[in-house]
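Input: a single structure, listed below in structure tokens.
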Amino acid sequence: MTIDVKLQKQLYNTLKDEAGTAATINPKTGEVTSLVSFPAFDPNDYVLGFKQSDYEALSNNKLNPTLNRFAASFSPGSVMKPISAAVGLEHGKLNPNETKTITGKSWRKDDSWGNYSVTRVYEQYEKVDLETAMVHSDNIYFAMMATEMGAETFTEGLTRLGFGQEFPFEYPVADSQISNSGDLNREVLLADSAYGQGEVLMNIVHLASLYGGIVNDGTVMKPLLRANEEQEAWIDQMVSQENAKLLQNLLRKVVTEGTAKSINISGNKIAGKTGTAELKTSRDEEGAENGFFVSYDQSNPEMVLAIMVEGVHNHGGSGYVVDLAKQFYKKDNHIKNSAVCEQRCFYLWW
């Protein structure tokens, strides 16, 4: 297996009290080095037998430990934005230096949208280019981009990136989808999909793999679970090398200037994107939220970390997931430092 047991344990111990899923992947090789669903349970109990009290506790646990979340797909929220930007850049439909004029917190294209509008969190930026939109996670900018691009181009771009296709992974995970029907036949659905709402769904390994393509200068490697599988490119050019560098720089600025500043920690050069997926059937409904953070360390870009945590509306949104990732990176630094110490001690002894 490609799973790194120390990394797997470290990631699980960081997240075990939450409900969600996470994965780490080597963007250069495609090797999935950890893959967790949390909370978890001991499957040996089903073979060896439960105490009645333990079985009742497991059955009544509201966090549903027996659900395998890494095999499922989820609405990605704003972690979709770098992927949408990649589609726009590669199809020549997105000029990163061009600004869009956006006033206020809501926007609708025209009267054909009825009462529906796209909203954003911030309103202090009226001249918005790709950098501003990415750093401050502007939904309206990406909705505008998608409607200008058109459903056909956007759908073609997502299909090329594996949406609506069989996912090439040894473990049977849910395939990612563009929409329930496979089409973006409504303009509102097109607009919402560009910032990760609508009906778009992704599995956690696919999400980590596409960010791996950005890290790997545009090449998305086939995700591997068996150590003896051949390493090969899955998508040869997700984006050009130039556009990959652009997106890498923007992901770093999300941490230094934007929505993930709390993880701008000494000893690491973390880059990433936050996302909050709203789970509701109408705008007026008070729905639950899943929080995402996909990140990597630019000073050691051999691991992409993707985390999804359910119920972050009770904890302040995606910033809660950023703080969990921060704990993980601090533990990872400790493990690496310990490994260096062990290696040095070994050489001294030898």
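Tabulated results
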| read-out | value |
| --- | --- |
| Exclusive hit being hydroxyl-bearing (Ser, Thr, Tyr) and outside any helix (DSSP H, G or I), set SER34, SER78 | SER34 |
| The stretch 32-61 residues that are exposed (fewer than 13 other Cβ atoms within 10 Å of the Cβ) and among the polar types (S, T, N, Q), paired with ones that are assigned to a loop (DSSP other than H, G, I, E, B) and modelled with pLDDT of 90 or more (beta carbon under 9 Å, 6 or more apart) | SER59/THR66 |
| Matching residues in the stretch 171-220 - criterion: being part of a helix (DSSP H, G or I) and charged (D, E, K, R) | GLU187, ASP192 |
| Residue satisfying condition, being part of a loop (DSSP other than H, G, I, E, B) and under 25 Å from THR219 (Cα atoms), within set GLU166, GLU156, GLU152 | GLU166 |
| Unique residue being closer than 17 Å to SER78 by Cβ, open to solvent by 30 Å² or more (accessible area, probe 1.4 Å) and over 16 Å from the mean Cα position of the chain (by Cα) when the list is VAL121, VAL188, VAL128 | VAL121 |
| GLU242 vs. criteria out of contact with any Cys (no Cβ under 6 Å at 6 or more places or on another chain), open to solvent by 20 Å² or more (accessible area, probe 1.4 Å) and either in contact (Cβ under 8 Å) with a residue 60 or more places away in the chain or under 28 Å from GLY317 (Cβ atoms) (or both) | no |
| Subset of the stretch 106-118 that is part of a loop (DSSP other than H, G, I, E, B) and open to solvent by 80 Å² or more (accessible area, probe 1.4 Å) - its residue that is farthest from ILE214 (Cα to Cα) | ASN115 |
| Some residue of the stretch 26-44 being more than 23 Å from ILE307 (Cα to Cα) and either of a type in the set (S, T, N, Q) or at pLDDT below 95 (or both) | yes |
| Flag for THR14 being within 23 Å of PRO168 (Cα to Cα) and surrounded by 16 or more Cβ atoms within 10 Å (Cβ to Cβ) | no |
| Of the criteria (1) assigned to a loop (DSSP other than H, G, I, E, B); (2) in contact (Cβ under 8 Å) with a residue 24 or more places away in the chain, which one TYR125 fails | (2) |
| Residue under evaluation ASN264, criteria (1) modelled with pLDDT of 95 or more; (2) under 17 Å from the mean Cα position of the chain (by Cα); (3) open to solvent by 10 Å² or more (accessible area, probe 1.4 Å), criterion not met | (2) |
| Selected residue [in contact (Cβ under 8 Å) with a residue 40 or more places away in the chain and either surrounded by fewer than 18 Cβ atoms within 10 Å (Cβ to Cβ) or on the phi < 0 side of the Ramachandran plot (or both)] from THR103, THR153 | THR153 |
| The one condition in (1) basic (Lys, Arg); (2) over 23 Å from the mean Cα position of the chain (by Cα); (3) under 30 Å from LYS16 (Cα atoms) that ARG108 fails to fulfil | (3) |
| Flag for LYS81 being crowded, with 22+ Cβ neighbours inside 10 Å, under 16 Å from ALA194 (Cα atoms) and not hydroxyl-bearing (Ser, Thr, Tyr) | yes |
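The values are calculated or read from the model by the stated rules, or taken from the named source; none is laboratory data. This is a predicted model, so every value here is computed, not measured. So basically every Cβ, Gly included, is an ideal-geometry build from the backbone, and we count neighbours across all protein chains shown. We work out accessible area using only protein heavy atoms, side chains counted, and drop any ligands, DNA or RNA first. Shrake-Rupley method; radii C 1.70, N 1.55, O 1.52, S 1.80 Å.
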